[in-house]
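Below is one structure, written out as structure tokens; comments come after it.
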Amino acid sequence: MCKLKTLSREGKTTITQTTCCQIIHIWHSNLILRLDAQALSDFSRFLDEVLFETACVEFPDGEWKVIIHTPNPEISFAFDEWEFADFKTAVHDAL
């Protein structure tokens, strides 16, 4: 794997880019999402359209979270309100 350059870090989210092939990794807890620069830009625009207040669902433990699907339909992120705000900030900062 190429050397990683940190683009942004907010809460539990870190976004890095490989120095040789320019692949972007979004690291959140134990999940890593791999994107190119255009996909990150598209993902950022998508996140801007998601409003936590209207998109959140109650989880079995009683917590309210928003579910963000990845390009792979079997894998999704689940964020509480503060994690989602941090995640969006990290993506915006990385751009």
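The values are calculated or read from the model by the stated rules, or taken from the named source; none is laboratory data. The structure presented is a predicted model; accordingly, all values stated were derived computationally and were not measured. Note: ideal-geometry Cβ built from the backbone for every residue, glycine included; neighbour counts use all protein chains shown. Ligands, DNA and RNA are excluded from the accessible area calculation, which covers all protein heavy atoms including side chains. Shrake-Rupley method; radii C 1.70, N 1.55, O 1.52, S 1.80 Å.
Values for this structure:
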{"quantity": "Principal semi-axes in Å for the chain [√(5λ), Cα gyration tensor, largest first]", "calculated": "24, 13, 12"}
{"quantity": "Point-charge dipole on Cβ atoms (K/R +1, D/E -1) for the chain, about Cα centre, debye to 20", "calculated": "660"}
{"quantity": "Accessible surface, per residue, of the chain when the full set of protein chains is kept, probe 1.4 Å, Å²", "calculated": "62"}
{"quantity": "Cβ crowding within 10 Å averaged over residues, with 65-78, 9-22 ranked highest first", "calculated": "9-22, 65-78"}
{"quantity": "Rough spin-label spacing in nm, given labels placed 7 Å along Cα→Cβ, for Ile67 and Ala55", "calculated": "1.3"}
{"quantity": "Helical contribution to [θ] at 222 nm, DSSP H n ≥ 4, -39,500 (n - 2.57), averaged over the chain, rounded to 500", "calculated": "-9500 deg cm²/dmol"}
{"quantity": "With Cα atoms, 0 to 90° folded angle of helix 37-49 axis to the chain main axis", "calculated": "20"}
{"quantity": "Carbon + sulfur, % of accessible area of the chain - ligands and nucleic acids excluded, 1.4 Å", "calculated": "54"}
{"quantity": "Surrounding net charge for Thr18, when Lys and Arg each add one and Asp and Glu each subtract one, Cβ distance under 10 Å", "calculated": "+3"}
{"quantity": "Degrees separating the helix 81-94 axis from the principal Cα axis of the chain, which is the longest one", "calculated": "20"}
{"quantity": "C-alpha center-to-center spacing [the stretch 1-44, the stretch 65-95] in angstrom", "calculated": "13"}
